[in-house]
1. Using helices alone, what [θ] at 222 nm do you get for the chain, with -39,500 (n - 2.57) per DSSP H run of 4 or more residues, divided over all residues and rounded to the nearest 500?
2. Calculate log10 I(q)/I(0) of the range 1-93 for q = 0.10, 0.16, 0.23 Å⁻¹, where I(q) comes from the Debye formula with a single equal point scatterer on each Cα and nothing for solvent.
3. At a 10 Å Cβ-Cβ cut-off, how would you order Y47, Y120, fewest neighbours first?
4. If you only keep lysine pairs separated by 8 or more in sequence, or across chains, how many in the range 7-142 come under 21 Å at the Cα atoms?
5. Over the range 1-58, what is the relative contact order in whole percent, taking alpha-carbon pairs under 8 Å and six or more residues apart?
6. Fewest Cβ neighbours within 10 Å first, please rank T78, T68 accordingly.
Amino acid sequence: MSKNLSAFMRSNVELVPNAKFAASPRFKGEDGKPVEWEICCISADEYARIRSGCLRQVPVPGKKNRFTQEFDSRAFQTRVAARCTVFPDLNSAELQDDWGVAKPEDLVGAMLIGGEFEDYIAEVLRVNGFKSESELVDEAKN
């Protein structure tokens, strides 16, 4: 085994290509087909920053001056989805105004209905290297 570190140099690492995904059949292009959204990958550090931003201190009932952390999974999912969405531009003031929201994470939640959002976040996580439950089950069986 070679101890050459060149494979780990940034310039030699393959980039993860952006993925396209039709998040909803309700957004149709001029051709009448669903418009594909573009999803990018983020670093583990950025993922961790988003995750830590969704933790909050809450008081422990009956314990004075005692706190515990609570994780807001909905906020986490919308922030990751918004950060990884390249197209449509969720930072567009025009698009946010049209949907009556002020933040990209609110926009993605407003644009997609429940099942669409769940499918979209699953695709965003897949693009970022996470495995689906079925993939994990298949690996555990082997």
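All of the numbers you see were taken from the coordinates with simple rules; none came from a lab. Everything quoted here is computed from the prediction, not taken from an experiment. Quick reminder, even Gly has a Cβ in these numbers, built from the backbone with ideal geometry, and neighbours come from all protein chains shown.
1. -12000 deg cm²/dmol
2. The calculated log intensity ratios at q = 0.10, 0.16, 0.23 Å⁻¹ are -0.51, -0.86, -1.18.
3. Ranked by crowding around the Cβ, least crowded first: Y47, Y120.
4. Lysine pair count for the range 7-142: 4.
5. 25 percent
6. T68, T78
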